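Undergrad: A single structure is presented below for examination.
The values are calculated or read from the model by the stated rules, or taken from the named source; none is laboratory data. These numbers were taken from a predicted model, which means no experiment stands behind them. As a convention, Cβ positions derive from the backbone with ideal geometry for all residues, glycine included, and neighbour counts pool all protein chains shown.
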Amino acid sequence: MSRFHVSITPEPESLSSSASKATGRQPSTLPFANSNASSRSNMAANPNKYSVLLPTYNERDNLPIITWLLVKTFQEHNLDYEIIIIDDNSPDGTLEVAKQLQKAYGETRIVLRPRAGKLGLGTAYVHGIQNAAGNFVIIMDADMSHHPKAIPEFIRKQKECDYDIVTGTRYTSGGGVYGWDLRRKLTSRGANFIADLLLSPGVSDLTGSFRLYKKDVLHQIINATVSKGYVFQMEMMVRAKQFNFSVAEVPITFVDRVYGESKLGANEIVGYLKGLWTLFISV
Ligand SMILES: Nc1nc2c(ncn2[C@@H]2O[C@H](COP(=O)(O)OP(=O)(O)OP(=O)(O)O)[C@@H](O)[C@H]2O)c(=O)[nH]1
Ligand SMILES: [Mg+2]
């Protein structure tokens, strides 16, 4: 029997009110991890460590908020974690902001893995995962489209059947997209529809990038993945199916980026279609 199957669970509301209060403004105090006894005792109950891969390109305004929310979430759930920021020499000075965050939260929590230039998302993950200390890896965007409040649910879901991968989905009941215009919504839906039609990886949100992986599973999938651009996330699910990894889904609410310009243009769409075709004829 194939181990590849998909299971869906609703997203919790537990952190939503406190987190939304934090969104959109700089916190006056920063949460520090593992500072009390109850935190330490619960950490012993969950021996896992979660490495968050946060690729950034021109995210100087979003990075402090997403980092603060991540620290707060991990702290409140007594989870061991590190946040690995992979900045590609952003012209807006994102790396300087990341350095400040490292000073505030400490070098064991904030790990900087900068690169000299914009080399793309796919290789940013490969670069980030090197030396990751966690046995689990969380991949997410830094622009606030992915809310850290979903992470405890990803973790709970993963434990349920020891899943290899848990992926956030916008396209099942309980999930959704906010802030996109019709063109962007149609592009995303169309990209999912065509990929599902041609490759049937069995996952409802193929282009999303909010996912939890066992680290060795992510290594294996990344090593097999050949795409570079937007098609990368979709290929990861195609490879997961190929290797018979088990995948669970958690509905997520995706909101348009808080600060900064969208980078999705005609070139990316053409690149996606080309990549999809390459996969169709090769996988
Ligand atoms: N290190 C690195 N990060 C990148 C690169 N391209 C995008 N990112 C980051 O990857 C994440 C996802 O990219 P986005 O630009 O948000 O992609 P998107 O969500 O499809 O499009 P918009 O939000 O509309 O711009 C964000 O955190 C970006 O800052 C890159 O070439 N290198
Ligand atoms: Mg984005």
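Undergrad: Scan (1) away from ligand 2 (no atom under 16 Å from the Cβ); (2) within 25 Å of Pro148 (Cα to Cα); (3) not aliphatic (A, V, I, L, M) for the single condition Arg211 breaks and write down its number.
TA: For Arg211, the exception is condition (1).
Undergrad: Of all residues in segment 184-220 being at pLDDT below 95 and basic (Lys, Arg), which is farthest from Ser173 (Cα to Cα)?
TA: Arg184
Undergrad: Quick one: would you say Glu249 is more than 16 Å from ligand 1 (Cβ to nearest atom), charged (D, E, K, R) and touching a residue at least 24 places away in the same chain (Cβ under 8 Å)?
TA: In short, yes.
Undergrad: Among the residues of segment 93-115, is any near ligand 1 (Cβ under 9 Å from one of its atoms), over 24 Å from Gln220 (Cα atoms) and of a type in the set (Gly, Ala, Ser)?
TA: So far as segment 93-115 goes, no, none of its residues is near ligand 1 (Cβ under 9 Å from one of its atoms), over 24 Å from Gln220 (Cα atoms) and of a type in the set (Gly, Ala, Ser).
Undergrad: Filter segment 126-162 down to the residues that are under 25 Å from Val226 (Cβ atoms) and more than 10 Å from the chain's Cα centre (by Cα) and list them by number.
TA: Val126, His127, Gly128, Ile129, Gln130, Asn131, Ala132, Phe136
Undergrad: If the Cβ limit is 7 Å and pairs must be 6+ apart or interchain, which residue in segment 256-270 that is at positive phi pairs with which residue that is not polar (S, T, N, Q)?
TA: Once the first residue is at positive phi and sits in segment 256-270, its partners that are not polar (S, T, N, Q) give Gly260/Glu59; Gly260/Asp61; Gly260/Asp143.
Undergrad: Among the residues of segment 93-130, write down those that are of a type in the set (D, E, K, R), over 19 Å from Ile66 (Cα atoms) and more than 16 Å from ligand 2 (Cβ to nearest atom).
TA: Once the filter is applied, which keeps residues that are of a type in the set (D, E, K, R), over 19 Å from Ile66 (Cα atoms) and more than 16 Å from ligand 2 (Cβ to nearest atom), segment 93-130 yields only Arg115.
Undergrad: What tally of residues in segment 130-143 results from selecting those that are surrounded by 21 or more Cβ atoms within 10 Å (Cβ to Cβ) and near ligand 1 (Cβ under 9 Å from one of its atoms)?
TA: Summing the residues that are surrounded by 21 or more Cβ atoms within 10 Å (Cβ to Cβ) and near ligand 1 (Cβ under 9 Å from one of its atoms) in segment 130-143 gives 3.
Undergrad: For segment 145-167, which residues satisfy the criterion of being within 13 Å of ligand 2 (Cβ to nearest atom) and either small (Gly, Ala, Ser) or not in a loop (DSSP other than H, G, I, E, B) (or both)?
TA: Matches in segment 145-167: Ser145 only.
Undergrad: Follow-up question, since we're still on this one. Of all residues in segment 69-86 being of a type in the set (Asp, Glu) and over 15 Å from the mean Cα position of the chain (by Cα), which is nearest to Tyr50 (Cα to Cα)?
TA: Of everything passing the filter in segment 69-86, Asp80 is nearest to Tyr50 (Cα to Cα).
Undergrad: Moving on. Quick test of your reading of the structure: Thr108 fulfils all but one of (1) surrounded by 21 or more Cβ atoms within 10 Å (Cβ to Cβ); (2) within 30 Å of Ala45 (Cβ to Cβ); (3) of a type in the set (Ser, Thr, Tyr). Name the failing condition by number.
TA: So Thr108 meets the others, but not (1).
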